[in-house]
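To start, the structure itself, in structure tokens.
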Amino acid sequence: MSSDITSRKAGVAMILAAAAFLSACQVRPLYSEKSGVVEKLSSVGFSEASSRVEQQVRNRLIFLASRGAGEAVNPQYQVEMHAAVAVADTLLAESSDTSKAGRVTVTVTYTLRATTDNHVIKAGSRATTALVDFSDQEFAKQRAIRDAQNRAADQVAEFVGADIAAALSR
């Protein structure tokens, strides 16, 4: 009888502990009006680009941050970013020693700072890979690589934008 009462007490204690643990969890929409993330994102500035792919990432980030309104005039936050691109062959045709497919990887390293005190809010790195088929024609191959770079740049910008929004929501 006493073991039955002890096990019930232990069960009740576990339920209360779980309820206390779960009450500390807060789930809220990232872009809710209460969080103020939309206003904070619209006051983010981005560093100048040094390559075509970096410009693609920058343009997409500006669009995402401002919701299409354009770059902030007097930014309260500044994002310093650098993009790197790598093209790799993945499927070699042994008969001709040429590649029929490949992958394009765009990697972005970024640092989000407050402009008032230059305090680092978030720093990180994100990478995305886009697959590409190589044509026998050189122009078509180069265009396919460029299209894959654009796809990967847009995708990695989405990831970086989400990271920035999450950091500003805290």
For this session: With respect to Val44, determine if the residue is touching a Pro at 6+ places or on another chain (Cβ under 7 Å) and either surrounded by fewer than 16 Cβ atoms within 10 Å (Cβ to Cβ) or aliphatic (A, V, I, L, M) (or both).
Result: yes
Seminar exercise, completed: Phe139: passes all of (1) over 15 Å from Val160 (Cα atoms); (2) in contact (Cβ under 8 Å) with a residue 24 or more places away in the chain; (3) not polar (S, T, N, Q) but (2)
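Looking for something under 23 Å from Val38 (Cβ atoms), at pLDDT below 95 and acidic (Asp, Glu) - is there at least one such residue anywhere in segment 129-138?
Scanning segment 129-138 turns up no residue that is under 23 Å from Val38 (Cβ atoms), at pLDDT below 95 and acidic (Asp, Glu).
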Seminar exercise, completed: Out of (1) over 18 Å from the mean Cα position of the chain (by Cα); (2) open to solvent by 50 Å² or more (accessible area, probe 1.4 Å); (3) at pLDDT 75 or above, the one Ala101 does not meet is (2)
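Looking only at segment 35-86, how many residues end up being assigned to a loop (DSSP other than H, G, I, E, B) and of a type in the set (S, T, N, Q)? Can you show your working first?
At the first step, the residues of segment 35-86 found to be assigned to a loop (DSSP other than H, G, I, E, B) are 35-36, 42-43, 47-51, 67-76.
Next, from what is left, pick out any that are of a type in the set (S, T, N, Q): 35, 42-43, 47, 50-51, 74, 76.
Qualifying residue count for the region: 8.
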Problem set entry | segment 124-167, residues that are open to solvent by less than 20 Å² (accessible area, probe 1.4 Å) and not in a helix (DSSP H, G or I) | Thr128, Ala130, Val132, Phe134
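Only one of Ser23, Ser50 is open to solvent by 70 Å² or more (accessible area, probe 1.4 Å) and at pLDDT below 90. Can you tell me which? Step through it out loud before you land on a result.
Values: Ser50 fails: at pLDDT below 90.
Of Ser23, Ser50, the one residue that is open to solvent by 70 Å² or more (accessible area, probe 1.4 Å) and at pLDDT below 90 is Ser23.
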For this session: Take Val44 and decide whether it is touching a Phe, Trp or Tyr at 6+ places or on another chain (Cβ under 6 Å), within 18 Å of Phe159 (Cβ to Cβ) and modelled with pLDDT under 75.
Result: no
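The values are calculated or read from the model by the stated rules, or taken from the named source; none is laboratory data. Because the structure is predicted, anything quoted here is derived from the model rather than measured. In this analysis, Cβ positions are derived from the backbone assuming ideal geometry, glycine residues included, and neighbour counts consider all displayed protein chains. Areas reflect the complete protein model, heavy atoms only, side chains present, ligands, DNA and RNA absent. Shrake-Rupley method; radii C 1.70, N 1.55, O 1.52, S 1.80 Å.
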